[in-house]
Amino acid sequence: MTSSPASQHLFERARAVSPGGVNSPVRAFRAVGGTPIFMASGEGAWLTDVDGRRYVDLVGSWGPMLLGHAHPEVISAVGAAAARGTSFGTPSEPEVLLAEEIVARTSAEMVRMVSSGTEATMSAIRLARGFTGRDKIVKFAGCYHGHVDALLAEAGSGVVTLGLPETPGVPAHVTADTIVLPYNDRAAVEAAFAEHGDQIACLITEAAAGNMGVVPPEPGFNEFLSQTCARHGALFISDEVMTGFRVTRSGHWGLDGQREGWAPDLVTFGKVMGGGFPAAAFGGRRDVMEQLAPSGPVYQAGTLSGNPIATTAGLTTLRLADDEAYGRLDAASQQLQSMVTEALVEAGVAHALQNAGSMFSVFWGVDGPVTDFAGAQSQEAWRYKPFFHAMLDAGVYLPPSAFECWFVSAAHDDQALSTIAAALPNAARAAA
Ligand code: PLP
């Protein structure tokens, strides 16, 4: 294992003052063992840790860093915005520009800014309940929508990484109205709506599941969800916190709804739209969004919502995320996916590499495609641990969990890809 004395020292200090030494559980190395690496700086596709070691980054801050780290134009725009003042608690121009950019790219007719994806999904659910006057919500096992109480039932991401069946602190009555169904299972959706249809406020789904590893929706599944909700007077919420502005310039909707001619009633965004700062949003149909305070009765608010620095970072990122940038990102991701497949096949490791656009992950030791949470959990996740550490030792920083997506950026150039290519054969043998 990589020896990282400065990280080790900081981790010991961190553990004394922060639970588990981290501020978000997925950052801990619980699933892979060893000490979390403390990063000191990032540039393009590269991270440098506090011991001075460099890594090609395939985490990308868990999604936001679409353009890579410290993009000069983003940094300069943020610096100029900070010099003008960091937060006013009044409306300001950048939040209008960012909202216009989001509305222009996506199905949302209006958006409300918040500071995290969790706030976005929490607020969207409240709005759906307020709009419909109904209480029940439907979600899928293995989908993660942030740490919203009512959505922490059979969640993915850190919840599955830590193997938590449920979370203490969430009273049973809070999840009593949450119906959890298997992903990609039309019959289960039909049965739930047949039984509870007139009480269901909304169905929320990741636009493509990325928090149990990447499990794309089967063709037509999102459209089917949208139609089923419409038939029963429930709202369809597409969570694009991870996929938004990443898998296409219009998010996952650019891969299905936009082509097929349907739109979610509400949609949530985060990650890329903040350019590495805390900015997120929820949006959707004008008649639904108009129910939010102060135009309507459903309360929602935030001291730092739409603050000028985060919205400037997001706006600059989105303006730089043009067709050429998406072309580079997609090409780098495809090349990487081929390299990973080749190395695993060569080493004789059974696996399924699955993708939704440029987002992808590997399921270890499975003999066919994974379509739901049960399939994801049946993988031989233990194979990931030696693979992860062999990659880390060779200078490649992967997500420290087999259940997370690998994030490529538009800054992953030939040098970054050849570092990964050099690391893969040995890591694949370690996983065999
Ligand atoms: N929704 C999805 C699909 C996510 O992947 C995440 C975070 O990973 C969230 C919501 C929560 O976002 P945040 O961590 O910004 O609260």
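Bear in mind these aren't lab numbers, they're just calculated from the coordinates by the rules spelled out. All values derive from a computational prediction rather than experimental measurement. Here the Cβ positions follow ideal geometry from the backbone for every residue, glycine too, while neighbour counts run over all protein chains shown.
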Point to revise | Separation between Cα centres of region 224-269 and region 342-403, rounded to whole Å | key: 27
Exercise for review: Rounded to the nearest 500, what is the 222 nm mean residue ellipticity of the chain from helices alone, with -39500 (n - 2.57) per DSSP H run of 4+ residues and division by all residues?
Suggested key: -11500 deg cm²/dmol
Check your understanding: Sorted by average packing, counted as other Cβ atoms within 10 angstrom per residue and highest first, what order do 401-408, 30-37, 294-301 take?
Key -> 401-408, 30-37, 294-301
Point to revise | Coil-residue trypsin sites (Lys or Arg not before Pro) of region 40-107, DSSP, other Cβ within 10 Å capped at 15 | key: ARG84
Practice item. Hey, can you grab everything whose amide H is under 5 Å from the amide H of ALA281? Only 5+ residues off in sequence or another chain; H modelled, so Pro and N-termini drop out. Key: VAL114, PHE269, GLY270
Point to revise | Sorted peptide list for 234-240, 73-79, criterion being average Cβ within 10 angstrom, highest first | key: 234-240, 73-79
Review point. Per the Cauchy relation, a quarter of the hull surface: what is the mean projected area of the convex hull of the alpha carbons in region 175-250, in nm²?
Key: 5.4
**Study point:** Neighbour cut-off at most 15 other Cβ (10 Å), DSSP loop, trypsin sites (Lys or Arg not before Pro), region 214-297
**Key:** none
**Study point:** Integer Hz, Karplus 6.51/-1.76/1.60 couplings in order for region 263-278, x for Gly and Pro
**Key:** 9, x, 6, 9, 9, 10, 10, x, 6, 4, 5, x, x, x, 10, x
**Study point:** Nonlocal amide H pairs with LEU235, under 5 Å, H built at 1.01 Å
**Key:** CYS202, LEU203
Practice item. Report the relative contact order of the chain, percent, no decimals, based on alpha-carbon pairs under 8 angstrom and at least 6 residues apart. Key: 23
Check your understanding: Among the DSSP beta bridges whose two residues both lie in the chain, what percent are antiparallel, rounded to the nearest 5?
Key -> 60
Exercise for review: For a quick protection proxy, order the peptides 86-93, 341-348, 371-378 by their average other-Cβ count within 10 Å, most packed first.
Suggested key: 371-378, 341-348, 86-93
Practice item. Check the straight Cα-Cα distances from LYS385 and name the aspartates and glutamates below 18 Å, setting aside those fewer than 8 residues away within the same chain. Key: ASP57, ASP393, GLU404
Check your understanding: Residue by residue through region 396-404, which ³J(HN,Hα) values in whole Hz follow from phi under the Karplus form 6.51 cos²θ - 1.76 cosθ + 1.60 (θ = phi - 60°), with glycine and proline marked x?
Key -> 10, 9, 9, x, x, 6, 6, 9, 10
Point to revise | Dimensionless Rg/Rh of the chain - Kirkwood Rh, Rg from C-alpha atoms | key: 0.95
